[in-house]
Amino acid sequence: TSANFYYKIEYWNGKDWVVHDEQTYLITFYPMNQMVWAIENPNGTIGIYHGLIAAFVTPQSGGVTELLAKAKERATSDFDERYMLYGLERSFSGYSSPGSLATYSDTRNYTTLQVKDIYNSLKYDYNLSYVSVPVAFGIGDSQRVSPPDESLARGSANCIDGAVLFASAIEAIGMRPYIIITPNHAYVAWDTDVSGTGIDALETTWISDHDF
């Protein structure tokens with residue numbers, strides 16, 4: 001919906017309030033679940049707002065907490081022998097390994113295993129499927145973004161919904177996620193260790209048809 005936005009800026013000169021600026025703008029309000037990617041302003045400058053997608057990442061939501069609980073159970077039931085090396089059992093500790101990690105390769109394997117269990121829980125416990133919805137991240141484009149709890153309840157997600165969901169779960173276990181946005185797509189990535197030595201990425205839209 002559109003509405004007029006009026007503002008007035010005054011300053012005190014020691015004796016009186018003096019008007020510094022006063023304007024009325026016609027602005028557009030969007031729902032809270034609508035993401036506006038970029039806008040060309042009246043003066044021709046382009047405002048890019050991709051970074052605001054982080055507002056949709058909710059690591060403390062009830063749905064994400066339940067997802068991690070299921071993923072922890074899967075970490076035990078689908079026990080990987082590599083977990084024994086890292087001392088990981090029924091717990092996600094992000095970059096803080098309870099075991100001894102001798103090399104960067106070990107650290108990367110450890111963080112990868114945690115994301116793998118999140119992936120497998122979404123694939124097998126939630127039967128999460130990819131829903132193809134046309135997306136565009138250009139000037140004037142906006143898109144409805146589903147919060148993680150909604151994607152979990154519905155059991156489906158498009159590329160941006162899936163990236164937001166995975167980023168929320170990855171952040172919840174103490175790791176640093178990224179949402180990578182290209183002109184027609186989005187996916188998730190994360191730092192492989194606490195120092196940010198490397199970054200791994202995941203194509204979340206393949207979850208229905210591919211193993212991790």
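The values are calculated or read from the model by the stated rules, or taken from the named source; none is laboratory data. Keep in mind that this is a model prediction, so the values were computed, not measured. Every residue, glycine among them, receives a Cβ derived from its backbone with ideal geometry; neighbour counts consider all protein chains shown. Please note that ligands, DNA and RNA were not included when accessible areas were found on the heavy atoms of the full protein model with its side chains. Shrake-Rupley method; radii C 1.70, N 1.55, O 1.52, S 1.80 Å.
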Could you state how much accessible area residue 132 has, in square angstrom rounded to the nearest 10, with a 1.4 Å probe and all protein chains kept in place? 90
For region 14-79, run through the trypsin sites (Lys or Arg not before Pro) and keep only the ones in DSSP coil with at most 14 other Cβ atoms within 10 Å of their Cβ. 15
Furthest towards positive pole of dipole, 192, 109, 39, structure part the chain, Cβ charges: 39
Using a probe radius of 1.4 Å on heavy atoms only, what accessible surface per residue do you get for the chain? Whole Å² is fine. 55
For the chain, the dipole about the Cα centre with charges only on Cβ (Lys and Arg +1, Asp and Glu -1), to the nearest 20 debye, works out at 140
Report in % the part of the accessible area of the chain that belongs to carbon and sulfur, leaving out ligands and nucleic acids; probe 1.4 Å. 53
Which chymotrypsin sites (Phe, Trp or Tyr not before Pro) in region 1-76 sit in a loop by DSSP (not H, G, I, E or B) and have at most 15 other Cβ atoms within 10 Å of their own Cβ? 29, 49
Quick tally, 1.4 Å probe accessible area for 210, 50, sorted with the most first, runs 210, 50
Mind checking which lysines have their C-alpha under 25 Å from residue 8, skipping anything on the same chain fewer than 8 residues away? none
